[in-house]
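To start, the structure itself, in structure tokens.
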Amino acid sequence: MKVIYTEKSQLLASKTARCLGCKTSEVKYNKFPDGEQYLRIMDSDDEMVVVSSTVDAETVMQVILLLDACEGRDVTLVLPYMGYARQDKKFNEGEPISARAMAKALSEGASRVFTVNIHDPSVLNHFRCRAENLSIAPEIGKYIKTMGLESPLILSPDEGAENFAKAVASVGGWDFDHLNKTRLSGSEVTMAPKHLAADGRDCIIVDDIIATGGSMALAASMLKEQGANSVRAAGVHGVFASGGYIKLMQAGLADIASSDTIEKASSKFSASEIIAEAVRR
């Protein structure tokens, strides 16, 4: 077995290969003068594991080319972060279902697919091969344990994500809840834990994606107003679009962490062990 990668997932690919006890294969990337991409896998095997977060259009093209270059082999495609997965239905006439289009395009040449904390698991139904979603909630829980907090309160941003907060909290037997949004007027809202008070607690907001960080920054400010000792954020996928990281810093969060599904300076825990375990299985 060999692990290969796209250019923006080298770190996670190398960690996954180490967990699997196998080697990564060198992939040479280049571009033709007209901008078209070229790649070559320098060393392949009967079984290949492609590790790639599809963070932009260039990476999507690299995955398609890698899958085609692995023709005739047993290929496991790992999409730690699957771009376009949130457009999972038509909101207006004339729109594509982008998640479906991506799934179909990336199924060609793959024997099986693994995603990590995909926003909506129903997207997996669009793949033309077996697809499974993995959760790294336990890794977030392990990371929180290293903080040495006596009794943190694990919070999801809404009721729909409370099961994720519950899975994180189960690692340390901590309290968990979800944030409840109450509209006070046309322009004013308040957010607070639904069942438990933030006063005197170290609060950690956990989510699958930290996109722009706007709602999380607002929630952090309100939790501090409610008497929280500290507020931290831990998300699986650290997108941080539109200055999202800066917004969270300005909101006074004590820590901002994400995984290496998208490789950033905030990547403080890894999806590699859970991916390797799934590939072995």
| task | When a/c is below 1.5 the answer is rounded, else prolate if a/b is larger than b/c, else oblate, so apply that to segment 179-246 with a ≥ b ≥ c taken from the square roots of the Cα gyration tensor eigenvalues. | result | oblate
| When the accessible area of segment 36-121 is computed with all protein chains present and a 1.4 Å probe, what percentage of it is carbon and sulfur? | 44
| query | Counting other Cβ atoms within 10 Å of each Cβ, which trypsin sites (Lys or Arg not before Pro) in segment 172-215 have at most 15 and sit in a DSSP loop? | reply | Lys194
| remark: For Val75, the net charge from surrounding residues (Cβ-Cβ under 11 Å; K, R +1; D, E -1) works out to -4
| Within segment 204-218, what residues put their amide N at less than 13 Å from the label point 7 Å along the Cα-to-Cβ vector of Gln250? | 213-215, 217-218
| For the chain, modelled as a GNM with alpha-carbon contacts under 10 angstrom, which of Thr212, Thr190, Thr16 fluctuates the most? | Thr190
| query | If we sort 76-83, 141-148, 215-222, 93-100 on the protection proxy, mean other Cβ atoms within 10 Å, highest first, what's the order? | reply | 76-83, 215-222, 141-148, 93-100
| task | Assign one of three labels to segment 129-244, namely rounded, prolate or oblate, based on the Cα gyration tensor with a ≥ b ≥ c the square roots of its eigenvalues; rounded applies when a/c is under 1.5, prolate when it is not and a/b is larger than b/c, and oblate otherwise. | result | oblate
| message | What are the ³J(HN,Hα) couplings of segment 200-205, residue after residue, when phi is run through the Karplus curve with 6.51, -1.76, 1.60 and θ = phi - 60°? Round to Hz, x for glycine and proline. | response | x, 10, 8, 9, 10, 8
| message | Can you tell me what share of the DSSP beta bridges in the chain is antiparallel? A percent to the nearest 5 is fine. | response | 20
| request: Quick one: which residues, 5+ away or cross-chain, put their amide H under 5 Å from the amide H of Thr24? H built at 1.01 Å from N. | output: Val3
| remark: Taking every other residue with Cβ under 13 Å from the Cβ of Leu11 and scoring Lys and Arg +1, Asp and Glu -1, one gets +2
| query | How far, in nm, would the chain grow between Arg281 and Ser98 when pulled straight, counting 0.36 nm per residue and subtracting the alpha carbon separation? | reply | 62.9 nm
| message | At 0.36 nm per residue, and after removing the present C-alpha to C-alpha distance, how many nm does the segment from Asp68 to Glu188 gain when stretched out fully? | response | 38.0 nm
| J(HN,Hα) series, segment 139-154, from Karplus relation 6.51 cos²θ - 1.76 cosθ + 1.60, nearest Hz, glycine and proline x | 5, 5, x, 5, 5, 4, 4, 5, 6, x, 7, 5, 8, x, 9, 8
| query | Helix 214-225: angle to the longest alpha-carbon principal axis of the chain, degrees 0 to 90, nearest 10? | reply | 30
| Residue-normalised accessible area of the chain, expressed per residue, 1.4 Å probe, Å² | 47
| request: Quickly estimate the mean residue ellipticity at 222 nm for the chain, helices only: each DSSP H run with n ≥ 4 gives -39500 (n - 2.57), and the total goes over all residues, rounded to 500. | output: -8500 deg cm²/dmol
| request: For each pair in Lys145/Lys181; Lys15/Lys142; Lys8/Lys268; Lys2/Lys166, compute the distance between the two Cα atoms and list the pairs where it is over 25 Å. | output: Lys145/Lys181; Lys2/Lys166
| said: Can you classify segment 73-143 as rounded, prolate or oblate using the Cα gyration tensor, where a ≥ b ≥ c are the square roots of its eigenvalues, rounded means a/c under 1.5, and otherwise it's prolate if a/b beats b/c and oblate if not? | reply: oblate
| Helix 10-20: angle to the longest alpha-carbon principal axis of the chain, degrees 0 to 90, nearest 10? | 80
| query | Roughly to the nearest percent, how much of the accessible area of segment 122-179 is carbon and sulfur, given a 1.4 Å probe? | reply | 44
| Helix 57-69 vs. the chain, principal-axis angle (Cα, 0 to 90°, nearest 10) | 40
| remark: Simple spin-label estimate for Ser14/Glu36, 7 Å along Cα→Cβ, in nm, reads 3.2
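The values are calculated or read from the model by the stated rules, or taken from the named source; none is laboratory data. Treat the numbers as computed from the prediction; the structure is a model and nothing was measured. Heads up, the Cβs are rebuilt from the backbone with ideal geometry, glycines too, and the neighbour counts pull from every protein chain shown. SASA here: full protein model, heavy atoms, side chains in, ligands and nucleic acids out. Shrake-Rupley method; radii C 1.70, N 1.55, O 1.52, S 1.80 Å.
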